[in-house]
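We did not get these values from a lab; they are worked out from the coordinates using the rules stated. All values derive from a computational prediction rather than experimental measurement. Here the Cβ is made from the backbone with ideal geometry for all residues, glycine too, and neighbour counts use every protein chain on show.
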Amino acid sequence: MHDPGEVKITIGPQHPALKEPESFLLSLHGEKITASSVRLGYNHRGIEKACEDRTYVQDLYLVERVCGICSHSHSTCFVQAVEEIAGIEIPARASYLRTLISELERIHSHLLWLGVAGHEIGFDTLLMYTWRDREAVMDVLAAITGNRVNYGMNTIGGVRRDITPQHKEMVLKAIDILEERTKYYIELGLGESTLLKRLSGVGKLTNEDVVRLGAVGPTARASGWGRDVRKDDPYAAYAHLDFKVITNDQCDVYGRTLVRLGELMEAYSMVRQILQKMPDGPIAVKAPRKIPAGEAVSRYEAPRGEDFHYVRSNGTDKPDRVKVRAPTLANVQAVSKMLEGGYLADMSIVVAAIDPCFSCTDRLISVCDEDTQKKNTVSWESIRLKGIDWYKNQGIDFTYLNKKLARKF
Amino acid sequence: MTEEEKIKQELEQKFGFLKDTIAIKRKGRMFFDVPSEKFDEVFAYAVKQMHFDAICAITGMDIVDRYAIMYHLNRQGSIVLNLRIYTGKDNPVIKTVTLFFPGAEMYEREMMDLLGIKVEGLPEGGRYPLPDNWPKDEHPLRKDWKAGASKKENQNA
Amino acid sequence: MANAIFNILVFPGFLFLFVFGFIAEYVDRKLYARFQNRVGPPWFQPFADFVKLISKQKIVPDEADVAVFKLVPIFALTASITAVLYIPVWGNKAIYSFNGDIIVVLYLLTIPTFAYFLGGWYSRSVYSMIGAVRSLTQIFAYEVPLFLCMLGPALLADTWSLSGMVAFYNQHPGYWLCNLLGFAVALISLLGKLEKVPFDIPEAETEIVAGAFTEYSGRYLALLRMALNVELVVGASLLAAVFLPFGFNLNPAAVFPLYIIQVFFIIAIVSFLRTLFARLRLDQMINFCWKYLAPLAFVQVVINLILKGILPR
């Protein structure tokens, strides 16, 4: 140690600020960060290698498990590449359905982020509120796809489930509630003084640095870098939708918050447009088991930024190479830059501000063979009732609250 | 003439050896191979003169008798230019592009770990994404590597 | 003698504070949860946590100074319990009272913070040490406004004894309204003292895990948490005695429920305040305390000095 006042502190791989294992080594002088380095790879699961030993359909579900939050992003990105190689045109309704799920996923991801950001700066009330509201969109996703995450919606050549008029109604109702809540959060974000104090001027990343370090998504858009794959390189049904790319010139964590809040509002309007414009028709076309030799690059605007997949096929039913570049990998290199000269206290929010998803980033262990076929199927309702009973036995009764909540929604 | 065709024409004019090798697969997707000795020139030209200002990713591949490295460059968010170079299996070496894109460091380190391709000019640094005790000569993305086959891996575990 | 032992061990000392601390923690947690639209814990949760922690394995880090590490929770607890003996709980008169006891109470309440500092520092973990240094830095921010705003009511009552102050304000109902500004300052400073949001910088979970308490486990952690609860109760009692003297001249059995209500009222304000804010940074907190809190406390002192000349005694 050259500097007697210097303290080295490791954040992670296990640390309350990080929701996933990742290690940051910070050198501190007092409360100021003088140097930082990142060590990634704790979540390396070998998915890219595993993809080469599986068929395209199996890969689709494997790729979906790259990330828990943006699962639909990865599976759509992958399936787009495969369809491009095979020359499959998917039906219009299927592309609208994919877009619908992807926007609902964006809503759920951004609300989740808002809560996490609140927690990182010690504002737990925001966490509790946003995560409560997030349940509305999670319920919708569960109703449409059967799952809260890892939706399993995509298949090569289209989607697997159609939506009913009841679903439509449910989505619109949830969107109305969420829109109102988001307006409240925007108002809160603009007015609450401790929030402003903790967010503005923190984790500065200039426009030049964004370009130099290749940051993507809301992180880049908050520094005035208006790149959005949905606009620049439209996929699915985005070419038919009317939306703005939200940018901000604050270049700090506050800007990133505003960009995400703005994107939430755009997402609500997009969901409404999708439901309005969605044509009737089939939801999938039959796809061949073997994909002809070829290669394709597919891009997708995940909630965290540009998701990039490269697929190379060799004429068999298994891909030759699958490359996944998750948005966090592009952004994580900007984190060191943002941490420079900052305070230890701001470290967690700066890291959180890129909405890191390290399991996405590391994607790649040999996946254990799992017996996915459960013998006993348990219905959703019976699980729920069991849970309620269990809590009642513990002396916690939600009946009253449930009624109250039901009235509110 | 579409923008893709303009790019194709410009590249072909500048670099004669690229004639008829540039494939436009669809709107915004261009693929072509570059001889590795000419790579620096073409890459620098694409980045500096043609304003391909972002790099989406670098993909390393094991193709039967050699390794291929594909650089996915991006302009204005819409056009992806995919340059591919090859390197032999005996001594796979490529040059770093971190001079153009500092952010590409992670993609290059990933290739070093997973495919065992040496990247010249990359400063010493930690491993990514494999653990520090992973055997030096095992590279999972090589086709001859099979999961569970490594005894060293089990010893270290 | 027997009386003194009863006072220290049972009422208003150890046992009373032990039980009251649990209730206070429950009230705080439940209100905090309800403000956040959550269900919150059942009433026995703090006690259950305590029992569970007591039965858990205790780990002392190899590098830690064992004696200091183990003694710290007891120091913290003892200081808070001692402080309560000078605060009027049963009736309008404290068990022990002399002119100047308010200063003793304030200093006794500083000891837990120093104890946390020592515990964190001698844990020899990076997180603990940073947390320890932060809690010591934070003292300089909130301690001055807290002391200053206690000075105001004392000046008006013309006594340095807590019991004397309570007696004075009971004789002159309505005079407590003069101290409302001081009360607000004291509440905010109390948040700093109790290390609660927005001033929970020393134990900022997402930065330094649990600050000074990071290495504590098992019964040491249980005692530390109890010390925190007792600190909450004693801090609230002190504020109740100085700023909310609604005891009138009733008999002690009638004053006691009033005292409990006052304490719960202050705890409720504390939990409400902590739902409203995000955690400040250390530099922002010190800025805030010196720029706004300390001057406001001064204003209170000046107001009371003027009022002292005007108001009839």
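Helix-only mean residue ellipticity at 222 nm, chain B, DSSP H runs n ≥ 4 weighted -39,500 (n - 2.57), per residue, nearest 500. What is it?
The per-residue figure over chain B is -6000 deg cm²/dmol.
Cross-link check: pairs B:Lys118/B:Lys143; A:Lys392/C:Lys196; A:Lys197/C:Lys291; A:Lys231/A:Lys290 evaluated at a Cα-Cα cut-off of 21 Å; pairs beyond the cut-off: A:Lys392/C:Lys196; A:Lys231/A:Lys290.
Peptide A:17-23: average number of partner chain Cβ atoms within 10 Å per residue?
Per residue, the number of nearby Cβ atoms from other chains is 1 on average.
Taking Lys and Arg as +1 and Asp and Glu as -1, the other residues whose beta-carbon sits under 12 Å from that of A:Tyr151 total +3. Dividing the convex hull volume of the alpha-carbon atoms in region A:204-276 by its residue count gives 69 Å³ per residue. Relative to one another, the C-alpha centroids of region A:34-99 and region C:259-313 are positioned 55 Å apart. I want the local charge near C:Gly211. Using Cβ-Cβ distances under 9 Å, sum +1 for each Lys or Arg and -1 for each Asp or Glu among the other residues. Local charge sum for C:Gly211: -4. A:Asn207 sits among other residues whose Cβ lies under 15 Å from its own Cβ, and their net charge, with Lys and Arg +1 and Asp and Glu -1, is +1.
The rule of thumb for compact globular proteins, 2.2 N^0.38 Å, goes into the C-alpha radius of gyration of region A:47-329 1.01 times. Secondary-structure-derived ellipticity at 222 nm for chain C, considering helices only, amounts to -23500 deg cm²/dmol, per-run term -39500 (n - 2.57) for DSSP H runs with n ≥ 4.
Given H placed on each backbone N at 1.01 Å, which residues far from B:Ile22 in sequence or on other chains put an amide H within less than 5 Å of it? For B:Ile22, whose amide H was placed from the backbone, there are no distant partners under 5 Å. Principal semi-axes of the equivalent ellipsoid, √(5λ) from the alpha carbon gyration tensor of region A:153-199, are 37, 16, 5 Å from largest down. Remark: C-alpha extents of region C:2-310 on the principal axes read 61, 48, 41 Å, sorted largest to smallest. Measuring nothing but alpha carbons in region A:69-167 and taking Rh as the Kirkwood radius, the Rg to Rh ratio lands at 1.07.
Relative to the longest principal axis of the Cα atoms of chain C, the long axis of helix C:126-157 makes an angle of roughly 10 degrees. The alpha carbons of region B:3-147 stretch over 49, 30, 26 Å along the principal axes, in descending order. For chain B, the longest principal axis of the alpha carbon atoms and the long axis of helix B:3-14 meet at an angle near 90°. Residue by residue along C:36-47, Cβ atoms of other protein chains within 10 Å of the local Cβ number 3 on average. Here is the list for region A:182-284: trypsin sites (Lys or Arg not before Pro) lying in DSSP coil, each with at most 16 other C-beta atoms within 10 angstrom of its C-beta, are A:Lys244.
For region C:212-313, the alpha carbon positions stretch 56, 42, 23 Å along the principal axes, listed from largest to smallest.
Would you work out if the protein assembly as shown is rounded, prolate or oblate? Take a ≥ b ≥ c from the square roots of the eigenvalues of the alpha-carbon gyration tensor; rounded if a/c is under 1.5, else prolate when a/b is larger than b/c, oblate otherwise. Verdict is prolate for the protein assembly as shown.
What average count of beta carbons from other chains do you get within 10 Å of the Cβ of residues in C:126-136?
Working: counts 6, 4, 0, 2, 6, 0, 0, 3, 3, 0, 0.
For this peptide, the per-residue mean of nearby foreign Cβ atoms is 2.
Between region A:270-308 and region B:36-54, the alpha-carbon centres lie 31 Å apart. Each helix, a run of at least 4 DSSP H residues, gives -39500 (n - 2.57); summed and divided by the residues of chain A, these come to -16000 deg cm²/dmol at 222 nm.
If you take the Cα centroid of region A:321-346 and the Cα centroid of region B:108-122, the two points sit 20 Å apart. Determine the relative contact order of region B:3-147: mean sequence separation of Cα pairs under 8 Å and six or more apart, normalised by residue count, in whole percent. In percent, rounded to a whole number, it is 17.
Among the listed pairs B:Lys14/B:Lys38; A:Lys168/A:Lys277; A:Lys49/A:Lys286, which have their C-alpha atoms separated by more than 21 angstrom in this model? Over 21 Å apart, Cα to Cα: A:Lys49/A:Lys286.
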